[in-house]
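Read through the structure below, which is laid out as structure tokens, and then see the notes.
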Amino acid sequence: MKTPEEYMKAALKEAEKAKQIDEVPVGAVIVQNGIIIAKAHNLREKTQMASAHAELLAIQKASKKLGTWCLEDCDLYVTLEPCLMCTGAIELSRIHALYYGTSDPKGGSVDTLIQVKKIPHLNTYPKEIHAGILQKECSEILTSFFQEKRKKAKQKKVLEKAEKR
């Protein structure tokens, strides 16, 4: 059986795949009995679907593989704290444990903006929540991605201004 850090490294590889195709670099893996059974990364831009988050795609793949929506013996590793939509899917799919890398100050709905475990009747799943797994690495891939996006946008603006002259 691997350590949480080793599983998070697999999620980071998925995040890197997202970054390579200009998607927000978030990756997720689902583990059952020590084996990764599903991997996914954000595909919102590629699919033009708001719901194409890494967590939801990984849950879909795991459910298909296992032939059930109930993933109560599975753990989810994701590089970024899940949003409200993904937190709901994690709850509804009965993921046993959630491990996330870095918090999300703009949309984190596990601990940051909303503390989902404190909402009555929604505290059944996940049974365990672990934050900060490879936090530095998970944060860095996001930070560098958005810095590069801003840099490219600024360069584009400068070029457009120059062309108008």
*Any chance you could count how many residues in the range 133-165 are outside any helix (DSSP H, G or I) and not basic (K, R)?*
2
*In the range 48-72, how many residues are open to solvent by 10 Å² or more (accessible area, probe 1.4 Å), out of contact with any Leu (no Cβ under 9 Å at 6 or more places or on another chain) and of a type outside the set (G, A, S)?*
10
_Pick from the range 84-104, criterion in contact (Cβ under 8 Å) with a residue 60 or more places away in the chain and outside any loop (DSSP other than H, G, I, E, B), ranking: surrounded by the most Cβ atoms within 10 Å (Cβ to Cβ)_ = G101
*Is there a residue being without any contact (Cβ under 8 Å) to a residue 24 or more places away in the chain, out of contact with any Cys (no Cβ under 9 Å at 6 or more places or on another chain) and among the basic types (K, R) anywhere in the range 126-135?*
no
*State whether one or more residues within the range 66-75 are modelled with pLDDT of 95 or more, touching a His at 6+ places or on another chain (Cβ under 7 Å) and assigned to a strand (DSSP E or B).*
yes
*Say we look at the range 109-121 and pick out the residues that are part of a loop (DSSP other than H, G, I, E, B) and out of contact with any Ser or Thr (no Cβ under 9 Å at 6 or more places or on another chain); which of these is farthest from D73 (Cα to Cα)?*
L113
*Which numbered condition M49 misses (of (1) part of a loop (DSSP other than H, G, I, E, B); (2) modelled with pLDDT under 95; (3) not polar (S, T, N, Q))*: (2)
*Restricting the first residue to the range 41-69 and requiring it to be in contact (Cβ under 8 Å) with a residue 40 or more places away in the chain, which pairs with a second residue that is surrounded by 13 or more Cβ atoms within 10 Å (Cβ to Cβ) and in a helix (DSSP H, G or I) meet a Cβ separation below 7 Å and a spacing of at least six or different chains?*
A54/E14
*asked:* Suppose the filter is modelled with pLDDT of 95 or more, open to solvent by less than 70 Å² (accessible area, probe 1.4 Å), over 12 Å from the mean Cα position of the chain (by Cα) and over 20 Å from P25 (Cβ atoms); does A162 pass it?
replied: no
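The values are calculated or read from the model by the stated rules, or taken from the named source; none is laboratory data. The shown structure was predicted, so the numbers you read here are calculated from the model rather than taken from an experiment. Cβ atoms come from the backbone with ideal geometry, glycine included; neighbour counts cover every protein chain shown. We work out accessible area using only protein heavy atoms, side chains counted, and drop any ligands, DNA or RNA first. Shrake-Rupley method; radii C 1.70, N 1.55, O 1.52, S 1.80 Å.
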